[in-house]
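A.B. asks: After the structure tokens below, expect a handful of questions from me.
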Amino acid sequence: MSPLIEFFQTSGIITLLVVFWLSLYFIIAFWIFIYKWFIIKGIEDRESYSLELLLSKDINLPQSAIFSRARGHNILSKEMLNVWKSQILKRASVGLTFLSIVSSTAPFIGLFGTVVEILDAFSSLGGQGQATFEIIAPIISKALVATAFGILCAIPAYSFYLVLRRKISVLGICLQSQIDIAVSAIDSNQKGTK
């Protein structure tokens, strides 16, 4: 019998629930990372192109639907540009909280599974009288699988969180650069009309 099948057959219900819960964490963390990577990459590419156009003076406002509707209405302001930046960063950061939660709670969930499995093992061993190392060692090693799996879930979730936070930080710098250029253009237009 393979060790994996034996593990599932001999583990308690709490340990199996912990492993299932951590498996869901693991799958969802990978899915969020891949999905958000492409979403943030798309936004970053679009905003970098807009920044290049602003720097080359081909346009005087960031390329966004909100600005194309507002061009002739004189309603653009630094505050409106900051709201635009906040909305983009908010949309880009959706899901990162879950990665943070997984990275901080997965080891504790795994530890909970380990403790419950060890308590169960010791209560059944206590009734047998003599417990030797040959009897205790396999039980302890099986119980530690939950802790190991919790750590295995936490490491990529935390890494994904940091990578995506960095991408969002770079996106924020790009957006702020566009705001600075647009505000400069707005100020120079206002000075030119006076």
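The values are calculated or read from the model by the stated rules, or taken from the named source; none is laboratory data. In this text the structure is predicted, and so the values were computed from the model without any measurement. Ideal geometry is used to build each Cβ from the backbone, glycine not excepted, and the neighbour counts take in all protein chains shown. In case anyone asks, the SASA skips ligands and DNA or RNA and just uses the protein heavy atoms, side chains included. Shrake-Rupley method; radii C 1.70, N 1.55, O 1.52, S 1.80 Å.
A.B. asks: How many residues are at pLDDT 80 or above and of a type outside the set (S, T, N, Q) if we restrict to segment 123-141?
C.D. replies: First, pick out the residues of segment 123-141 that are at pLDDT 80 or above: 140-141.
Adding the requirement that they be of a type outside the set (S, T, N, Q) leaves 140.
Summing the residues that are at pLDDT 80 or above and of a type outside the set (S, T, N, Q) in segment 123-141 gives 1.
A.B. asks: Residues in segment 64-79: is at least one part of a helix (DSSP H, G or I) and modelled with pLDDT of 90 or more?
C.D. replies: So in segment 64-79, the residues part of a helix (DSSP H, G or I) come out as 65-73, 78-79.
From what's left, modelled with pLDDT of 90 or more: none.
Checked against the condition, which is being part of a helix (DSSP H, G or I) and modelled with pLDDT of 90 or more, segment 64-79 yields no hits at all.
A.B. asks: Which ones in segment 36-50 are within 18 Å of SER159 (Cα to Cα) and open to solvent by less than 20 Å² (accessible area, probe 1.4 Å)?
C.D. replies: LYS36, ILE40
A.B. asks: Those residues that are under 24 Å from PHE112 (Cβ atoms), touching a residue at least 60 places away in the same chain (Cβ under 8 Å) and among the β-branched types (Val, Ile, Thr), I need them from segment 1-57; list them, please.
C.D. replies: THR10, ILE14, THR15, VAL18, VAL19, ILE28, ILE32
A.B. asks: Let me ask you something else. Suppose we filter PHE8, PHE20, PHE33 for residues that are open to solvent by 30 Å² or more (accessible area, probe 1.4 Å) and in contact with a Phe, Trp or Tyr (Cβ under 6 Å, 6 or more places away or on another chain); which single one remains?
C.D. replies: PHE33
A.B. asks: Still on this structure: Just wondering, is there one or more residues in segment 54-62 that are modelled with pLDDT of 90 or more, within 22 Å of VAL170 (Cα to Cα), among the polar types (S, T, N, Q) and open to solvent by 30 Å² or more (accessible area, probe 1.4 Å)?
C.D. replies: Applying the first criterion (modelled with pLDDT of 90 or more) to segment 54-62 yields none.
Checked against the condition, which is being modelled with pLDDT of 90 or more, within 22 Å of VAL170 (Cα to Cα), among the polar types (S, T, N, Q) and open to solvent by 30 Å² or more (accessible area, probe 1.4 Å), segment 54-62 yields no hits at all.
A.B. asks: Something else now. In the list ILE181, ILE139, which residue meets the criterion of being over 25 Å from ASN60 (Cα atoms) and open to solvent by 40 Å² or more (accessible area, probe 1.4 Å)?
C.D. replies: That would be ILE139, the only listed residue that is over 25 Å from ASN60 (Cα atoms) and open to solvent by 40 Å² or more (accessible area, probe 1.4 Å).
A.B. asks: So which residues in segment 146-167 are at pLDDT below 95, touching a helix residue (DSSP H, G or I) at 6+ places or on another chain (Cβ under 6 Å) and either β-branched (Val, Ile, Thr) or open to solvent by 30 Å² or more (accessible area, probe 1.4 Å) (or both), if there are any at all?
C.D. replies: Once the filter is applied, which keeps residues that are at pLDDT below 95, touching a helix residue (DSSP H, G or I) at 6+ places or on another chain (Cβ under 6 Å) and either β-branched (Val, Ile, Thr) or open to solvent by 30 Å² or more (accessible area, probe 1.4 Å) (or both), segment 146-167 yields THR147, PHE149.
A.B. asks: Take PHE8 and decide whether it is among the aromatic types (Phe, Trp, Tyr), out of contact with any Cys (no Cβ under 9 Å at 6 or more places or on another chain) and modelled with pLDDT of 80 or more.
C.D. replies: It is false that PHE8 is among the aromatic types (Phe, Trp, Tyr), out of contact with any Cys (no Cβ under 9 Å at 6 or more places or on another chain) and modelled with pLDDT of 80 or more.
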